[in-house]
Amino acid sequence: MRRSSGALIGYWDRQAATYDRRSAGVERRFLADSRRWVCGRARGVTLEIAVGTGANLRHYPDEVDLTGVDWSAAMLHAARRQADLVHRAVRLHQADAAALPFPAATFDTVVSTFALCCVPDERAALAEALRVLRPGGLLLLADHVAASFWPLRALQHVVELVSVPLQGEHYTRRPLAALRGFGVVIEETERLTMGAIERVHARKPR
């Protein structure tokens, strides 16, 4: 049984105060390098979808004009603290990834890291990301995905029996596969950690 969006927002609100501390080991070992890979490629007017506690903020080039959204007010509060800590200018808005409050073709770059695994409708979020992206703009993603190493992939399916009903977190999605149906240009991809983490550098057609 899937949880409602309101229940999921409440779940992430409750996680915000301790999330960084609890995830610090996983962050250092598995996630931080992908954040640098993704955010270092951002250019121009940039939107980060599901900014969370602001773990990406330190990795953006100084010249990027940054906006971040998240559906959790508590996560946005943590992101504001992080922005102040790293002296990063950013506009923060509470918004659903599947219903972004921006006109079409607003951004030069859209970023999402380790977040599409948690949105209720991955395809709707990707469609919104492409809607607000200018022609020729960059879509930069990193996420944990269905592993290429089959024993790990089997374990991911077992974990989902608990993680999806509890917190809406999917371990066997693969945004790259969904993206291919949108006609974007895939410029570069990398898979790490037995294929369980994937980075994607894509471009919206002109």
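The values are calculated or read from the model by the stated rules, or taken from the named source; none is laboratory data. The structure presented is a predicted model; accordingly, all values stated were derived computationally and were not measured. Cβ sites come from the backbone with ideal geometry, for glycine too, and all protein chains shown count toward neighbours. Note: areas computed on protein heavy atoms with side chains; ligands, DNA, RNA excluded. Shrake-Rupley method; radii C 1.70, N 1.55, O 1.52, S 1.80 Å.
Test D143 against the criterion of being at pLDDT below 95 and among the acidic types (D, E), and give yes or no. Explain how you work it out, then say what you get.
Values: at pLDDT below 95: no; among the acidic types (D, E): yes.
Criteria not met by D143.
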Review point. Across the range 73-95, what is the number of residues that are open to solvent by 60 Å² or more (accessible area, probe 1.4 Å) and either of a type in the set (D, E) or farther than 18 Å from A32 by Cβ (or both)?
Key: 9
Practice item. State whether the residues of the range 86-108 include one that is touching a Gly at 6+ places or on another chain (Cβ under 8 Å), modelled with pLDDT of 95 or more and among the aromatic types (F, W, Y). Key: yes
**Study point:** Neighbours by Cβ (under 8 Å, 6+ apart or cross-chain): first from the range 1-27, surrounded by fewer than 15 Cβ atoms within 10 Å (Cβ to Cβ); second at pLDDT 90 or above and of a type in the set (V, I, T)
**Key:** R2/V164
Practice item. Sort through V111, V119 and tell me the only one that's crowded, with 21+ Cβ neighbours inside 10 Å, within 17 Å of V64 (Cα to Cα) and of a type outside the set (F, W, Y). Key: V111
Check your understanding: Do we have any residue at all in the range 120-131 that's modelled with pLDDT under 95, over 17 Å from F30 (Cβ atoms) and aliphatic (A, V, I, L, M)?
Key -> no
Revision key, fill the gap. Among the residues of the range 74-100, the number that are over 17 Å from V64 (Cβ atoms) and in contact (Cβ under 8 Å) with a residue 24 or more places away in the chain is 14
Review point. Which of the residues spanning the range 32-65 are under 24 Å from L126 (Cβ atoms), assigned to a helix (DSSP H, G or I) and open to solvent by 30 Å² or more (accessible area, probe 1.4 Å)?
Key: D33, R36, W37, H59
Review point. Which of the strands (runs of 3 or more DSSP E) contained wholly in the range 119-206 include at least 3 residues that are without any contact (Cβ under 8 Å) to a residue 24 or more places away in the chain and within 19 Å of the chain's Cα centre (by Cα)?
Key: 185-192
Review point. Among the candidates A17, A24, A50, which residue alone is under 26 Å from G136 (Cα atoms) and out of contact with any Lys or Arg (no Cβ under 7 Å at 6 or more places or on another chain)?
Key: A50
